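The values are calculated or read from the model by the stated rules, or taken from the named source; none is laboratory data. Keep in mind that this is a model prediction, so the values were computed, not measured. Virtual Cβ from ideal backbone geometry, glycine too; neighbours counted across all protein chains shown. Accessible surface areas use protein heavy atoms only, side chains included; no ligands, DNA or RNA. Shrake-Rupley method; radii C 1.70, N 1.55, O 1.52, S 1.80 Å.
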Amino acid sequence: MADVKFLLTGDTSVCVEFGNEISESINLQIRAFKIALENSGISGIVETVPTYRSLMVHYDPEVIRYAPLMEQLKGLLGQLDQITIPPSEVLEIPVLYGGEEMGPDLKFVAEHAGKTEKEVIKIHTSTEYLIYMLGFTPGFTYLGGMSEAIATPRLKTPRVKIPAGSVGIAGSQTGVYPIDSPGGWQLIGRTPVRMYDHDRETPILPQAGQYIKFYSITKAEYDKIAAQEAAGKYVCKRHPRKETGK
């Protein structure tokens, strides 16, 4: 815990930084600290936002001032080894891979990796990806754990509009575009699952600390799930992850 830094980020927030790299061990510390903070009963905490290597803590200065907040936050560090982190949940996300409409860059990713398109799909669907954080747009997933065997550079010229649900690769990262937006990732497929829906009770489907497992579907399956989503009847498959951590 010697590397933990408390960085002032504004009049009503502080960043608790646990390291300078992307790793599951750092992520576990962030999750443990978030749980410790939630259990602490510290008054005036408005929101916490996890990132790759830190936890942003937003607070109400009319309820708690900066100095006493820092004292209490630092006091939580000694509790992290005693925090039990609940088993992570795995979201199963169906993807229609390839094709000019759904995954126009799958062919390029395969050529860049020296593999067939089927091999790229097999590799991409073989991993449970940790959701380190959400950002860029509501529900955009920053995932860890993608195989370097299919790592591919971003597009030299970003697209002006990428359809919601598009699954992309950028460098050694993969993720899902939750809404129509610009972007420069290589698009390899699309999911009919709405990662963000402002009409839902919980608008953003994925949560930091969960895992995503992609699986390949046919066009008929895509259309069926899309129709269920449109009717508000689709329930994303999920299951507890076997591995747990502290």
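Between Met146, Met133, Met56, which gets the highest mean-square fluctuation from a Gaussian network model of the chain, Cα cutoff 10 Å? Judging by the Gaussian network model, the answer is Met56.
Once the Cα atoms are used to define both axes, helix 24-40 deviates from the longest principal axis of the chain by about 50 degrees.
Across the range 54-61, coupling constants 3J(HN,Hα) worked out from phi with the 6.51/-1.76/1.60 Karplus curve, θ = phi - 60°, read 7, 10, 7, 10, 9, 9, 9, x Hz, and Gly and Pro carry x.
Kirkwood radius for the range 71-217, taken over all pairs of different Cα atoms as the inverse mean of 1/r, rounds to 16.1 Å.
Please sort by residue number the trypsin sites (Lys or Arg not before Pro) in the range 81-119 whose DSSP state is loop and whose Cβ has at most 12 other Cβ atoms within 10 Å. Numbers along the way, then the final one.
On the way: sites: Lys107, Lys115, Lys118; in loops: Lys115.
Listed in order of number, the matching sites amount to none.
Counting charges near Ser172 (Lys, Arg +1; Asp, Glu -1) among other residues having Cβ under 12 Å from its Cβ returns a value of 0. A DSSP coil position with no more than 13 other Cβ atoms inside 10 Å describes the following trypsin sites (Lys or Arg not before Pro) in the range 7-90: Arg65.
Take the Cα radius of gyration of the chain and divide it by 2.2 N^0.38 Å, N being the number of residues; the result is 1.10.
If I build a Gaussian network model for the chain, linking alpha-carbon pairs within less than 10 angstrom, which residue out of Tyr52, Tyr66, Tyr215 has the largest mean-square fluctuation? Its mean-square fluctuation being the largest, the pick is Tyr66.
Based on Cα contacts under 8 Å between residues 6+ apart, the range 4-67 shows a relative contact order of 35 percent.
Would you kindly find the accessible area of Glu101, with a 1.4 Å probe and non-protein molecules such as ligands, DNA and RNA excluded, rounding to the nearest 10 Å²? Here the accessible area works out near 130 Å².
Entry note, the chain: the mean residue ellipticity at 222 nm calculated from DSSP H runs of n ≥ 4, each adding -39500 (n - 2.57), is -7000 deg cm²/dmol after division by the residues and rounding to the nearest 500. Would you work out if the range 68-147 is rounded, prolate or oblate? Take a ≥ b ≥ c from the square roots of the eigenvalues of the alpha-carbon gyration tensor; rounded if a/c is under 1.5, else prolate when a/b is larger than b/c, oblate otherwise. Prolate. Residue by residue, the range 116-133 carries 3J(HN,Hα) couplings of 7, 5, 4, 5, 4, 4, 4, 5, 5, 8, 8, 10, 9, 9, 6, 7, 6, 6 Hz when phi is fed to the Karplus relation 6.51 cos²θ - 1.76 cosθ + 1.60 (θ = phi - 60°); x denotes Gly or Pro.
Per atom type, the chain shows carbon and sulfur on 51% of its accessible surface, probed at 1.4 Å. Under 29 Å of direct C-alpha separation, and excluding same-chain neighbours fewer than eight residues apart, Lys156 reaches these lysines: Lys107, Lys115, Lys118, Lys122, Lys213. Per residue, the range 159-206 exposes 37 Å² of accessible surface when a 1.4 Å probe is rolled over the protein heavy atoms with every protein chain present. Shown here for the range 175-246: GluC sites (Glu not before Pro) in loop regions (DSSP other than H, G, I, E, B) with at most 11 other Cβ atoms within 10 Å, namely Glu201, Glu243. Derived scalar couplings between HN and Hα for the range 173-182 equal 10, 9, x, 10, 7, x, 9, 4, 6, x Hz in order, rounded to whole Hz, by the Karplus curve 6.51 cos²θ - 1.76 cosθ + 1.60 (θ = phi - 60°), x for Gly and Pro.
Of Leu80, Leu187, Leu130, the residue with the greatest mean-square motion in the GNM of the chain, using alpha carbon springs below 10 Å, is Leu80.
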